[in-house]
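What follows is a short report on a single structure.
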Amino acid sequence: MPRGLFITFEGIDGCGKTTQAELLCRRLEDAGYEVVFVRDPGGTRISERIRELLLDRQLREMAPVTELLLYEAARAQLVAEQIQPALGAGKIVVSDRFFDSTTAYQGYGRGIDLALISKANELGSLGLRPDLTFFIDVPVEEGARRLHRLGGERDRLESEDRQFQERVRKGYLKLARSEAARVVVVDGLRPADEISQEVWQKVAPMLTPRRG
Ligand code: TMP
């Protein structure tokens with residue numbers, strides 16, 4: 001069975017990862033690759049419905065384990081319905097967040113035991129692991145500034161306090177150190193086109209040449 005390439009983007013809210021994921025998709029498409037761009041949580045009918053629950057600011061009473069299981073449930077559906085079929089067809093899948101978000105937010109942020117998180121991630125991802133992950137790192141104040149500039153209301157996770165966001169960022173940095181072969185730390189304070197160039201330099205060697 002052919003196997004495409006699975007690339008994920010991670011970071012705290014407001015880090016610029018969505019912009020970078022979109023830039024990479026455009027570049028891959030321009031180079032002739034078939035690309036599927038998804039967001040986690042989301043990307044399927046069921047996962048988008050779960051996303052609404054997860055981000056609803058009114059649902060303040062949500063218990064940490066409920067939150068964890070909902071993220072995993074949304075992800076399982078996304079993997080089964082979108083990611084696995086695309087990879088099976090040899091396509092490149094780019095995802096805005098994946099299971100590292102759960103380690104950072106529910107593990108380091110909420111304080112759920114990391115061994116439990118790891119098991120939950122294994123289940124929710126149906127055993128799938130990204131080939132390459134970009135962690136776009138910005139200081140918490142910068143992420144907050146960018147969210148503020150974008151305007152609009154903050155969702156349930158974005159409304160968490162600064163200490164929470166700090167734990168999430170530190171969690172990402174630890175995770176990146178422990179999985180250095182897969183996770184690339186990118187300085188998110190630089191101009192978007194420079195970051196995009198750095199991303200491309202990591203991705204390009206992993207691509208198989210297009211036929212025809
Ligand atoms: P997004 O706005 O980047 O799409 O992500 C939605 C929010 O969900 C964001 O604040 C991070 C959070 N999140 C988790 O807490 N755990 C997870 O596993 C994922 C995928 C996202």
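Brief remarks on what is shown
- So Glu141, is it away from the ligand (no atom under 11 Å from the Cβ), outside any strand (DSSP E or B) and among the charged types (D, E, K, R): yes
- Residue selected from region 160-179 under the condition among the small types (Gly, Ala, Ser) and in contact (Cβ under 8 Å) with a residue 24 or more places away in the chain, by the criterion farthest from Arg51 (Cα to Cα): Ala176
- Here the condition is being surrounded by fewer than 22 Cβ atoms within 10 Å (Cβ to Cβ) and more than 16 Å from the chain's Cα centre (by Cα); of Leu53, Leu23, it holds for Leu53 alone.
- Of note, Leu59 satisfies the criterion of being touching a residue at least 12 places away in the same chain (Cβ under 8 Å) and surrounded by fewer than 21 Cβ atoms within 10 Å (Cβ to Cβ).
- Residue match in region 73-92 (condition: closer than 23 Å to Glu153 by Cβ, out of contact with any Pro (no Cβ under 8 Å at 6 or more places or on another chain) and surrounded by 18 or more Cβ atoms within 10 Å (Cβ to Cβ)): no
- Residues within region 38-66 that are of a type in the set (D, E, K, R) and over 22 Å from Pro130 (Cα atoms), tallied: 7
- For region 59-69, the set of residues classified as within 16 Å of the ligand (Cβ to nearest atom) and out of contact with any helix residue (DSSP H, G or I) (no Cβ under 6 Å at 6 or more places or on another chain) consists of Leu59, Arg60, Met62, Ala63, Pro64, Val65, Thr66, Glu67, Leu69, listed by residue number.
- Residue in region 33-57 that is farthest from Lys91 (Cα to Cα), counting only those that are among the basic types (Lys, Arg) and within 14 Å of the ligand (Cβ to nearest atom): Arg57
- Residue match in region 37-45 (condition: closer than 19 Å to Ile117 by Cα, out of contact with any strand residue (DSSP E or B) (no Cβ under 8 Å at 6 or more places or on another chain) and surrounded by 15 or more Cβ atoms within 10 Å (Cβ to Cβ)): yes
- If you go through region 56-79 and keep only what is under 20 Å from the mean Cα position of the chain (by Cα) and among the aliphatic types (A, V, I, L, M), you end up with Val65, Leu68, Leu69, Leu70, Ala73, Ala74, Ala76, Leu78, Val79.
- Of all residues in region 101-125 being β-branched (Val, Ile, Thr) and near the ligand (Cβ under 10 Å from one of its atoms), the one that is surrounded by the fewest Cβ atoms within 10 Å (Cβ to Cβ): Ile117
- Only listed residue being more than 13 Å from the ligand (Cβ to nearest atom), in contact (Cβ under 8 Å) with a residue 40 or more places away in the chain and surrounded by 13 or more Cβ atoms within 10 Å (Cβ to Cβ), chosen from Leu128, Leu147, Leu157: Leu128
- Residue within region 70-78 that is touching a strand residue (DSSP E or B) at 6+ places or on another chain (Cβ under 9 Å), within 16 Å of the ligand (Cβ to nearest atom) and touching a residue at least 40 places away in the same chain (Cβ under 8 Å) present: yes
Bear in mind these aren't lab numbers, they're just calculated from the coordinates by the rules spelled out. The shown structure was predicted, so the numbers you read here are calculated from the model rather than taken from an experiment. No Cβ is skipped: glycine too gets one built from the backbone with ideal geometry, and neighbour counts run over all protein chains shown.
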